[in-house]
Amino acid sequence: MDNLFAGADQFKPQGKVVAVDEYGNGNVNDTFLVTLDSKKEKYFILQRINTQVFRRPELVMLNMRTFSEHVRHRLRRAPLSPGRRWEVVRLLLTEDGQDYWIDPAGSFWRAISFIDGSQSFDTIEDIDHANEVGFALGMFHNLLSDLPSEKLVDTLEGFHITPGYLRYYDEVLAQNRPRKSPEVNYGLQFIGEQRGWASVLEDAKGQGRLALRPIHGDPKVNNVMIDNTTGQAISIVDLDTVKPGLVHYDIGDCLRSGCNPLGEETEQWERVHFDPELCQAILQGYLLLAKDFLTENDYEYLYDAIRLISFELGLRFFTDYLEGNVYFKADHSEHNLARALVQFKLTESIESQETAIRSIIRDMR
């Protein structure tokens, strides 16, 4: 705990640090809420970046600076309509003007402002919430739509490249013999059945039908901050994966996360289903702003994105389970297997409702 207080003190807090508590339920970084004895700014977020995942964390910070500066400029140039609030987190600086600190043990730390008067949810609360989640992603993409993707560094090469995850899965499977069980057998069989179409987005990109743009990379429901008073979305946080990519990765991830009423951590994986009503509400909110930049080709691949990203995350969880839980934090040895099953079942549900989902997309164009 002493080193947490020491880390918090590095970032010139406007007051004495009185508490540092674990915060959120992220799967990769260690996140803490710092409480200050200050009336002006009572909290900020302290994070230890997982450098096994983000090998060049200083480049993550470079992308965050590029993103935040661009968005603030956009909002100054074209303010939102009255009554609409949108927050961009600030990077806090150390005494020597750096936006990160490396402790004596080599851990990489950063601090960001706390978005007061808001909260996030692990699952969608109702249709209005779903609409706001979609609006948040649309706002995010819209604000970055004029930022050339080459101004962002690819901090996670291969991220969301499903064929690459399949190749790695094959390597891990060849080196590890999983314990046989009905759940493991289901996962092995499901991955085998899905292989044939897993390159759909990468093929479209290679053919020039889809283009790279700035993306969030992880716009799941609990990264959308909701104003406590208005119920409106006011920010998307967790910006480590901001990088060049296909907006379809974000759209698919948002819908995968938002349209599973039981959530990612449910133990009732066999009851997991994709809710088309929530899908429609999220897309309605998203397209309020996204219609300005989506192309006909973009619309054509929206269903594929929804189907693919749920499968991809399940594949990643399953691979990590086979490898011994080295990437995603796990509470027990079977945790990532359970997470994988949730995503595979969600993919099955999406596939069973393809006609309805495509109809929703078509009606909104």
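Taking the condition assigned to a loop (DSSP other than H, G, I, E, B) and under 21 Å from the mean Cα position of the chain (by Cα), does residue 292 pass?
no
With the condition kept exactly as written, say whether any residue in segment 149-156 is among the charged types (D, E, K, R), on the phi < 0 side of the Ramachandran plot, surrounded by fewer than 21 Cβ atoms within 10 Å (Cβ to Cβ) and outside any helix (DSSP H, G or I).
yes
So which of 322, 341, 308 is touching a His at 6+ places or on another chain (Cβ under 9 Å) and closer than 18 Å to residue 165 by Cβ?
When all the criteria are applied, what remains is 308.
Out of 112, 124, I need the residue that is outside any loop (DSSP other than H, G, I, E, B), among the β-branched types (Val, Ile, Thr) and touching a residue at least 60 places away in the same chain (Cβ under 8 Å). Which one?
Just a single option satisfies the conditions, and that option is 112.
Looking at (1) assigned to a helix (DSSP H, G or I); (2) buried (at least 22 other Cβ atoms within 10 Å of the Cβ); (3) not charged (D, E, K, R), which is the only condition residue 160 fails?
(1)
Could you identify the single residue in 208, 192 that is out of contact with any Asp or Glu (no Cβ under 7 Å at 6 or more places or on another chain) and on the phi > 0 side of the Ramachandran plot?
Only one candidate passes the filter, namely 208.
List, please: which pairs have Cβ atoms under 9 Å, are six or more places apart or on different chains, and start with a residue in segment 206-217 that is within 20 Å of residue 70 (Cα to Cα) and end with one that is in a loop (DSSP other than H, G, I, E, B) and small (Gly, Ala, Ser)?
213/145; 214/145
Residue check: is residue 133 touching a Ser or Thr at 6+ places or on another chain (Cβ under 6 Å) and either assigned to a loop (DSSP other than H, G, I, E, B) or assigned by TED's automatic domain parsing to the domain that holds residue 231 (or both)?
No, not satisfied.
Do any strands (runs of 3 or more DSSP E) entirely within segment 1-54 hold 2 or more residues that are in contact with a helix residue (DSSP H, G or I) (Cβ under 7 Å, 6 or more places away or on another chain), at pLDDT 90 or above and in the same structural domain as residue 218 (by TED's automatic domain parsing), and if so, which?
none
Yes or no: residue 282 β-branched (Val, Ile, Thr), assigned by TED's automatic domain parsing to the domain that holds residue 362 and out of contact with any Cys (no Cβ under 7 Å at 6 or more places or on another chain)?
No, not satisfied.
Residue 266 - would you say it is touching a Leu at 6+ places or on another chain (Cβ under 9 Å) and either among the hydrophobic types (A, V, I, L, M, F, W, C) or not in a helix (DSSP H, G or I) (or both)?
Taking the combined requirement at face value, the residue does not satisfy it.
Does residue 85 fit the bill of being part of a loop (DSSP other than H, G, I, E, B), under 23 Å from the mean Cα position of the chain (by Cα), more than 23 Å from residue 25 (Cα to Cα) and not assigned by TED's automatic domain parsing to the domain that holds residue 234?
yes
Quick check, is residue 202 assigned by TED's automatic domain parsing to the domain that holds residue 351 and either modelled with pLDDT under 95 or crowded, with 16+ Cβ neighbours inside 10 Å (or both)?
Taking the combined requirement at face value, the residue satisfies it.
When both residues are 6+ apart or on different chains and their Cβ atoms are under 6 Å apart, which pairs have a first residue that lies in segment 166-180 and is within 16 Å of residue 327 (Cβ to Cβ), and a second that is of a type in the set (Val, Ile, Thr)?
Close Cβ pairs satisfying both conditions: 169/319; 172/319.
Would you be able to tell me the number of residues in segment 248-263 that are under 12 Å from the mean Cα position of the chain (by Cα) and either among the hydrophobic types (A, V, I, L, M, F, W, C) or assigned to a loop (DSSP other than H, G, I, E, B) (or both)?
Summing the residues that are under 12 Å from the mean Cα position of the chain (by Cα) and either among the hydrophobic types (A, V, I, L, M, F, W, C) or assigned to a loop (DSSP other than H, G, I, E, B) (or both) in segment 248-263 gives 3.
Working only within segment 226-237, note down all residues that are closer than 30 Å to residue 99 by Cβ and either β-branched (Val, Ile, Thr) or buried (at least 22 other Cβ atoms within 10 Å of the Cβ) (or both).
Scanning segment 226-237 gives 226, 233, 234, 236, 237.
Within the set of pairs 6 or more residues apart or between chains, which connect a residue that is under 16 Å from residue 311 (Cβ atoms) and modelled with pLDDT of 95 or more inside segment 334-346 to a residue that is part of a helix (DSSP H, G or I) and β-branched (Val, Ile, Thr) with Cβ atoms less than 8 Å apart?
If the second residue must be part of a helix (DSSP H, G or I) and β-branched (Val, Ile, Thr), the pairs left are 337/184.
The values are calculated or read from the model by the stated rules, or taken from the named source; none is laboratory data. Just so it is clear, the model here is predicted, and its values are computed rather than measured. Positions of Cβ are backbone-derived with ideal geometry, glycine not excepted, and every protein chain shown enters the neighbour counts.
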